[in-house]
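What follows is one structure encoded as structure tokens, with my remarks underneath.
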């Protein structure tokens with residue numbers, strides 16, 4: 001006794017034994033997976049209609065009512081292997097790809113190439129950490145996959161960078177943070193630039209399963225890898241804190257310079273400080289953006305290659321604007337500096353001191369501010385503007401006095417003296 | 001290798017013969033299969049369906065649905081003008097090829 005199921009094949013209902021049904025279902029699914037064509041559904045429909053026709057013939061001939069396993073096996077022999085059927089449809093894909101080449105030799109060549117990995121259409125590769133082939137965290141393996149270089153070569157480059165100047169270490173840590181791990185079949189396919197369609201994912205899952213069964217140790221770090229992993233983690237923590245500190249200092253210093261520059265600019269242009277300040281900080285922002293925009297674009301491009309036109313246009317326009325802003329601000333600052341040689345000398349001295357200690361930095365700030373004040377008084381063009389800038393300059397001095405040391409005060413008084421003697 | 005060469009040779013001829021069959025009369029896939037099998041040109045049936053769809057997509061063939069006494073409607077194929085033009089070229093090419101092969105075979109014969 002056997003259980004049967006009802007199936008609808010090409011619009012006809014068949015009773016079919018359970019075992020025969022299982023075999024037929026696998027067969028049809030296999031054909032479907034092997035077909036490489038945009039008209040896949042149409043071909044499947046035709047094939048199913050043909051199977052239905054053959055079932056009818058078999059049933060009529062044997063005077064039976066139920067399709068059994070023997071009939072299904074016969075029909076499978078008659079129709080041929082899913083691979084053979086798929087191979088015929090592969091040519092279709094090849095034809096449309098290579099329709100431009102009429103040369104026979106080229107066609108043969110294309111056929112040889114397309115006969116290996118069937119439906120793995122190449123799309124843009126995405127950057128992921130290749131955790132299946134990792135030594136430390138899969139950064140080098142992922143980069144290699146993305147660029148198309150051997151991972152070992154990339155690893156050698158990284159090691160050289162670490163030994164030569166230590167930059168490799170930082171780069172590795174940063175990349176580790178920003179690169180997502182290829183921890184799913186879909187991501188592994190995206191990493192290799194293969195379209196993550198349902199069938200490809202199924203194949204990929206089967207493939208990784210086999211690979212992991214074959215050598216269960218692969219994909220895990222070696223002892224050396226483990227050691228380096230630990231070192232990098234420790235280093236990352238050790239490096240991360242000072243790095244944050246350095247960034248904080250840089251931002252503070254840059255901000256103060258911009259602030260001082262702003263007050264100078266404000267007085268030079270004879271503007272109320274409020275306007276001068278926003279102009280100066282705009283210049284500062286511009287010069288930061290000039291460096292930052294290409295960096296951000298590079299990182300985004302590495303992580304995800306799919307970016308629209310709008311993104312590029314926005315980035316380029318922003319970059320051009322900030323470049324213009326930064327250049328004009330620098331031009332203005334330097335032309336105004338060269339107007340007054342003595343002032344310029346003094347500022348140069350202060351800049352030299354600046355490299356020695358941070359206190360001098362504050363002194364420089366102060367000097368710049370008072371210089372701006374002096375400039376304004378010298379101009380004496382507009383009594384109203386004078387009043388406003390002087391008031392504002394006082395505010396600046398107040399806000400900056402916190403860190404001022406004795407040294408700085410000396411510099412200020414010196415500069416004051418110089419300018420007044422003038 | 002041997003199989004590969006053989007199948008390469010057959011592939012081109014298969015399309016030519018299918019065009020020829022459809023040119024003679026409107027047929028549905030099973031009719032074509034019958035004729036190809038009788039001529040020993042096809043071994044497994046399954047490969048015909050992707051081929052027909054490809055030829056249809058390339059504009060050589062067209063089809064229409066026709067009611068059938070035995071079951072659901074069938075796809076009857078007919079040749080398009082484009083297909084007919086191609087068929088003429090293929091006929092010439094076939095003559096040329098068989099001439100070439102014959103010439104070489106005769107040259108190889110003694111005397």
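When every residue of the range A:2-18 is checked against the conditions, at least one turns out to be at positive phi and within 51 Å of the chain's Cα centre (by Cα).
Here is a yes/no grid of residues against (1) modelled with pLDDT under 80; (2) farther than 30 Å from residue A:207 by Cα:
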site: A:147; (1), (2): no, no
site: A:154; (1), (2): no, no
site: A:169; (1), (2): yes, yes
site: A:175; (1), (2): no, no
site: A:183; (1), (2): yes, no
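Name the residues in the range A:13-27 that are surrounded by fewer than 17 Cβ atoms within 10 Å (Cβ to Cβ) and either within 14 Å of chain B (Cβ to nearest Cβ) or farther than 20 Å from residue B:45 by Cα (or both), would you? A:13, A:15, A:18, A:19, A:22, listed by residue number. The residue of the range B:71-92 that is surrounded by the most Cβ atoms within 10 Å (Cβ to Cβ), among those that are within 14 Å of chain A (Cβ to nearest Cβ) and touching a residue at least 12 places away in the same chain (Cβ under 8 Å), is B:77. The residues of the range A:144-184 that are touching a strand residue (DSSP E or B) at 6+ places or on another chain (Cβ under 8 Å) and in a loop (DSSP other than H, G, I, E, B), listed by number, are A:179, A:180, A:182.
Find the residue count for the range B:45-64, including only residues that are out of contact with any strand residue (DSSP E or B) (no Cβ under 8 Å at 6 or more places or on another chain) and at the interface with chain A (Cβ under 9 Å from one of its Cβ atoms). Residues flagged as out of contact with any strand residue (DSSP E or B) (no Cβ under 8 Å at 6 or more places or on another chain) and at the interface with chain A (Cβ under 9 Å from one of its Cβ atoms) within the range B:45-64 amount to 11.
One line per residue, one yes/no per condition, for (1) under 26 Å from residue A:28 (Cα atoms); (2) in contact (Cβ under 8 Å) with a residue 60 or more places away in the chain; (3) more than 8 Å from chain A (Cβ to nearest Cβ):
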| residue | (1), (2), (3) |
| --- | --- |
| B:36 | yes, no, yes |
| B:39 | no, no, yes |
| B:43 | yes, no, no |
| B:66 | yes, no, yes |
| B:69 | no, no, yes |
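Filter the range B:1-15 down to residues that are surrounded by fewer than 17 Cβ atoms within 10 Å (Cβ to Cβ) and either in contact (Cβ under 8 Å) with a residue 12 or more places away in the chain or closer than 17 Å to residue B:85 by Cα (or both), then give me how many there are. Walk me through it before giving the result.
Just the residues of the range B:1-15 that are surrounded by fewer than 17 Cβ atoms within 10 Å (Cβ to Cβ), to begin with: B:1-13.
Going one step further and asking which of them are either in contact (Cβ under 8 Å) with a residue 12 or more places away in the chain or closer than 17 Å to residue B:85 by Cα (or both), we end up with B:10, B:12-13.
Counting residues in the range B:1-15 that are surrounded by fewer than 17 Cβ atoms within 10 Å (Cβ to Cβ) and either in contact (Cβ under 8 Å) with a residue 12 or more places away in the chain or closer than 17 Å to residue B:85 by Cα (or both) gives 3.
Go through the residues of the range A:80-89 one by one and say whether even a single one is modelled with pLDDT under 90, within 14 Å of residue B:46 (Cβ to Cβ) and surrounded by fewer than 16 Cβ atoms within 10 Å (Cβ to Cβ). Yes - at least one qualifying residue is present in the range A:80-89.
How many residues, within the range A:29-39, are in a helix (DSSP H, G or I) and within 9 Å of another protein chain (Cβ to nearest Cβ)?
The total comes to 1.
The sole residue among B:42, B:21 that is in contact with a strand residue (DSSP E or B) (Cβ under 8 Å, 6 or more places away or on another chain) and within 24 Å of residue A:49 (Cα to Cα) is B:21.
In the range A:64-81, the residues that are within 14 Å of chain B (Cβ to nearest Cβ) reach residues that are surrounded by fewer than 20 Cβ atoms within 10 Å (Cβ to Cβ) and in a loop (DSSP other than H, G, I, E, B) with C-beta atoms within less than 9 angstrom, at least six apart or across chains, in these pairs: A:77/B:44; A:78/B:44; A:79/B:44; A:80/B:43; A:80/B:44; A:81/B:44. Every condition in (1) modelled with pLDDT of 90 or more; (2) over 22 Å from residue B:30 (Cβ atoms); (3) facing chain B (nearest Cβ under 10 Å) is met by residue A:6 except one, and the failing one is (3). If you check A:51, A:43 for being crowded, with 21+ Cβ neighbours inside 10 Å, within 14 Å of another protein chain (Cβ to nearest Cβ) and touching a strand residue (DSSP E or B) at 6+ places or on another chain (Cβ under 8 Å), only one passes: A:51.
In the range B:85-95 there is at least one residue matching the filter, namely being touching a strand residue (DSSP E or B) at 6+ places or on another chain (Cβ under 8 Å) and closer than 20 Å to residue B:24 by Cα.
The values are calculated or read from the model by the stated rules, or taken from the named source; none is laboratory data. Every value quoted in this text rests on a predicted model; they were computed, and no experiment measured them. Because the Cβ atoms are built from the backbone with ideal geometry, glycine has one as well, and the counts that use them run over all protein chains shown.
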